[in-house]
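Engineer: Submitted below is the structure of interest, expressed as structure tokens.
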Amino acid sequence: MISDDRRILVALVNDYEVVVKGLGRMFESHSDEVEVVEYNVKTSVSRPVDIALFDTFAQSPDGASSHIDDVLADPDVARVVLYSWNLDPDAVAAGMDRGVHGYVSKTLSTAELIEQLRRVKSGEYVVPDAPAPPGDGDADSPTNGDWPGREAGLTARESEIIALITTGLSNNDIARQTYLSINSVKSYIRSAYRRMGVSSRSQAVLWGVQHGLAPQAPERQHPAR
């Protein structure tokens with residue numbers, strides 16, 4: 001199943017098109033090392049890949065409300081790596097307990113990320129070298145990728161929380177899913193509302209829908225060749 005080519009065959013997986021396309025742009029200048037086979041939004045992989053890189057944006061790191069299990073069960077996926085800015089030790093442990101082969105940080109440079117993927121392809125299990133202590137981590141300044149609402153000024157974490165609000169989750173649900181304290185969740189909501197120019201949850205949901213923070217319908221996109 002794993003390719004003999006030096007390049008790593010990768011499928012990018014997340015519910016948001018802007019997220020997977022942002023990941024794809026990271027690898028454009030590294031085509032001699034990584035071949036992005038397809039961008040997936042809630043779909044199975046259509047051809048064998050070495051690694052499915054699963055971006056955890058607006059997903060539960062333990063896989064409880066995501067499609068991680070489906071990706072793990074896909075016979076065309078050799079290994080699965082979670083890609084996250086949430087380095088809370090419990091989140092990392094929960095993700096690895098799910099059966100994935102790696103948990104890597106969005107703070108890595110593209111070259112560092114590729115090195116981590118190469119290690120996973122060779123059979124290693126990789127986790128952050130120095131897990132962040134419980135708390136908010138460095139979610140507001142990931143090195144790579146993209147997220148919905150970024151053009152409107154939302155930080156990565158604010159965007160994720162508004163995306164979760166858009167799906168109907170309560171503040172307590174969001175705190176559990178993101179491994180944040182309830183006070184941190186409320187703080188992010190307040191700062192996001194200021195950037196969005198809204199003052200109520202119903203307005204935030206409408207803003208989220210209008211700005212691409214509602215999960216897309218299932219689809220698969222192949223990179224242009």
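Engineer: Report, in whole Å, the centroid distance computed from the Cα atoms of region 70-89 and region 156-210.
Structural biologist: Using only Cα atoms to place each centre, the spacing works out to 25 Å.
Engineer: Could you state how much accessible area HIS30 has, in square angstrom rounded to the nearest 10, with a 1.4 Å probe and all protein chains kept in place?
Structural biologist: Counting only protein heavy atoms, HIS30 exposes about 40 Å² to solvent.
Engineer: While we're looking at this one, here's another question. For region 154-209, rounded, prolate or oblate, judged on the Cα gyration tensor with a ≥ b ≥ c (square roots of eigenvalues), a/c < 1.5 rounded, else prolate if a/b > b/c? Present the calculation step by step, with values, prior to reporting the outcome.
Structural biologist: Details: a/c = 1.73, a/b = 1.37, b/c = 1.26.
Prolate, because a/c is 1.5 or more and a/b exceeds b/c.
The values are calculated or read from the model by the stated rules, or taken from the named source; none is laboratory data. Predicted model only: the values in this text are computed from it and were never measured. Note: areas computed on protein heavy atoms with side chains; ligands, DNA, RNA excluded. Shrake-Rupley method; radii C 1.70, N 1.55, O 1.52, S 1.80 Å.
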